[in-house]
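See below for the structure under consideration.
Readers should treat all values here as calculations from the given coordinates under stated rules, not as data from a laboratory. Small disclaimer: the values here were computed from a predicted structure and weren't measured. Virtual Cβ from ideal backbone geometry, glycine too; neighbours counted across all protein chains shown.
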Amino acid sequence: MSPRSDHHSRHGQTAQPVDDRLAFWARQAGELDWDTEWSEVLDWSDAPFARWFTGGKLNVAYNCVDRHVAAGHGDQVAFHWEGEPGDTRTITYAELRREVCRTANALLSLGLRAGDRVAIQLPMIPEAVFAMLACARLGLPHSVVFGGFSPAALQSRIEDAGARLLITSDGQYRRGRVEPMKANTDEATRDTPGVEHVLVVRRTGTDVPWTEGRDLWWHELVDVQSDRHEPEAFDAEHPLFILYTSGTTGRPKGILHTSGGYLTQAACTHRTVFGLDPDTDVYWCTADIGWITGHSYIVYGPLANRTTSVLYEGTPNTPHEGRHFEIIEKYGVSVYYTAPTLIRTFMKWGEDIPARHDLSSIRVLGSVGEPINPEAWRWYREHIGAGRAPVVDTWWQTETGAVMIAPSPDSPSFKPGSAQTPVPGISAKVVDDQGVEVAKGESGYLVLDQPWPSMLRGVWGDDDRYRQTYWARFAAQRYYFAGDGARYDDDGDIWLLGRVDDVMNVSGHRISTSEVESALVSHPAVAEAAVVGASDATTGQAIVAFVILREGAGGEVSVDGLREHVAREIGPIAKPRRILVVPELPKTRSGKIMRRLLRDVAENRQVGDVSTLADASVMDRIHAGLADAS
Ligand code: WT7
């Protein structure tokens, strides 16, 4: 029997006994280096607030860095960093330890102490990893904000987390151009008196505005510090980071993750899902550290496993569309983990581009972010994986912290488009409206019926929102409601069907319809707005907005102006693909917008059942208006 064979027999309908599950996680936690042994694996007495490995103490950064150096692996490469303009840096575990220690000493010199929050907005440069690990080392929960978010979005995240320090860079490379970063973060910190210092990495050499006394250069503060620092052990439940994600309301939620359970599951899944061998593999996850995938599968999981990784700063088509394949060939990447939207983009660019490169080092391919359509799955395996590499489709969320559902890489029977089975130690079910598990061949809602080590521990500063969002839907059963639809096939394997709430998935990024709607109505010319996600062949979904303009505003506002306004309010990723100006919106008698009908319009379909509309002729007027405009 292969060691992973138990993986295949388990799906929603044959969950592993709870005691075995806890014993499994205790064994996984035992792979880490603990300063103090835990007394209880799981304390679920205050559900839905979980505590894993209670009483245990460890230092996350020590586990990711120092222990590998102590075990004689200091010369092993931790990161092959590749800058967008072509500059490179090789960072061994010994060097990573020194950099993390210097950074930690710098943060200490600023008076930061365990529990203080640090906001980070940086490009994909080594300092981003140093900063995260230095925070982890000192018990400072970090809040990494994706570089593409607007100053307004950064400001609200800084305020919500109450950050004392912001770490950023002068500028960033974007598709061959230099774009400002510090100028934007200055806008974000204009009214955040809680931010005492801004630590600035010099990346592009761009001129920056400077606030004497508050702003500090990284190379002046960090580089002069001692490269020794004794790590302190923190409680297994000490907050490790906050990461903001879109929910169904306009305000992003600060998802809270803690230390011991999170690191245990991030490391375990990274090892098992990719069958990782730290001595031979070269691993590359193409995500940005501003998302959970970057946290769990660029930083914490891979480093805990002593992985050699590629870290790439730039976009996939800079300076040409073969850049990723060039990098795979250059470093001999054996595990490549990316998102369906990029695979579909590669498909569009053409198979002759990967064909020009030697990709024979590839052993396993991973996919994450949205359901992978079977055509993309097959193309990925054929043209990147030489027709033989397994493609593991990994389902999980910011909230789950680590992979939950994925086929095993040595699965005898891959199913293109299906994430298949919960990973070892995890239990998931597909249930109906009442929380009753559906039969094989049926669809329903995906729930997680048992707590897991890397589960979110709450929504920062808002326990009630945590209960309401995730635990109220199936309160009687105490199931975690993931917000995704799913189906069991005839073998009991799970197929993900996309979100069942008002959350869109654009290129694997989560954006809520109401977030974009509030941005639109904050424009003086917009009276009302409704936003839907329309299927899109490349990005999964595209944002389509229907807006009603204020009386008299018609002449002065352009659709492009509204799109730019959304980009300024949230960030370019939230810019609607299309904005349709309409005279009215379809609403039910109780005033709820019927997005289903708007989606029909956005996807150029015959409009469905309008019988529950307050005024059934609204759709005709919308159509007539759009026909006039075109
Ligand atoms: C949502 C979570 C997990 C890191 C990236 C996104 C969708 C994610 C898959 C997949 C089908 C997927 C779900 C989920 N999703 N991976 N393999 N198959 N859907 O993290 O921003 O928290 O989004 O992404 O809808 O709920 P996130």
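Taking amide H as placed 1.01 Å from N in the peptide plane, the amide H of His197 sits under 5 Å from that of Leu166, each at least 5 places away or on another chain.
Gain on full extension, evaluated as 0.36 nm per residue between Arg113 and Arg578 minus their Cα-Cα distance, stands at 162.7 nm. Distances between placed amide hydrogens fall under 5 Å for Asp536 paired with Gln541, Ala542, all partners being 5 or more residues away or on another chain. The GluC sites (Glu not before Pro) found in the stretch 175-213 that occupy coil by DSSP, while having at most 11 further C-beta atoms within 10 Å, are Glu212. Gap in Å between the Cα centre of the stretch 201-241 and the Cα centre of the stretch 249-311? For the stretch 249-311 versus the stretch 201-241, the Cα centre distance is 22 Å.
Checking the a/c ratio against 1.5 first, then a/b against b/c, what shape does the Cα gyration tensor give for the stretch 269-417? Judged from the Cα gyration tensor, the stretch 269-417 comes out rounded (a/c under 1.5). Among the listed pairs Lys415/Lys575; Lys348/Lys575; Lys253/Lys587, which have their C-alpha atoms separated by more than 25 angstrom in this model? Cα-Cα > 25 Å for Lys415/Lys575; Lys253/Lys587; rest within. Using a cut-off of under 19 Å, list every residue of the stretch 124-164 whose amide N is near the label point 7 Å from the Cα of Ala70 along the Cα-to-beta-carbon line. Output list for this probe position: 133-139.
Which of the three applies to the chain, rounded, prolate or oblate, going by the alpha-carbon gyration tensor with a ≥ b ≥ c and a/c under 1.5 meaning rounded? Here the chain falls in the rounded category.
Can you give me the C-alpha center-to-center distance between the stretch 131-167 and the stretch 371-435, rounded to a whole angstrom? Taking the Cα centre of each part, the stretch 131-167 and the stretch 371-435 sit 31 Å apart.
Applying the Karplus relation 6.51 cos²θ - 1.76 cosθ + 1.60 with θ = phi - 60° to the stretch 289-298 yields 3J(HN,Hα) values of 5, x, 10, 4, 4, x, 4, 7, 10, 10 Hz, where x marks Gly and Pro. Annotation: amide H-H contacts under 5 Å for Ala419 (H modelled 1.01 Å from N, sequence separation of 5 or more, or interchain): Leu496.
Say each of Glu159 and Glu556 gets a label point 7 Å from the Cα, pointing the same way as Cα to Cβ; how far apart are those two points in nm? Result: 2.6 nm between the two label points.
What's the local net charge at Val222, with K and R +1, D and E -1, over the other residues with C-beta under 10 Å away? It works out to a net charge of -3. Neighbours of Thr293, meaning other residues whose beta-carbon lies under 14 angstrom from its beta-carbon, give a summed charge of -3 when Lys and Arg score +1 and Asp and Glu score -1.
For the stretch 498-598, GluC sites (Glu not before Pro) meeting the loop criterion (DSSP other than H, G, I, E, B) and having at most 13 other Cβ atoms within 10 Å: Glu551. Using r as the Cβ-Cβ distance of Ala472 and Ala616, and R0 as 25 Å, what FRET efficiency do you calculate, to the nearest 0.05? Step by step, r from the Cβ atoms, then E = 0.15.
A Förster radius of 45 Å combined with the Cβ-Cβ distance from Asp489 to Thr36 puts the calculated FRET efficiency at roughly 0.50. Residues of the stretch 261-292 with an amide N closer than 19 Å to a point placed 7 Å from the Cα of Thr90 along the Cα-to-Cβ direction: 278-284. A protection proxy built from the mean count of other Cβ atoms within 10 Å ranks the segments 80-87, 393-400, most packed first, as 393-400, 80-87.
Return the FRET efficiency for the residue pair Asp410, Ala439: r is the Cβ-Cβ distance, R0 is 30 Å, and the value is rounded to the nearest 0.05. Working from the Cβ atoms, E equals 0.55.
Considering the zone a paramagnetic label at Thr280 would reach in this model (a point 7 Å from Cα along the Cα-to-Cβ line), which residues of the stretch 291-308 have amide N under 18 Å from it? Those under the cut-off are 306-308.
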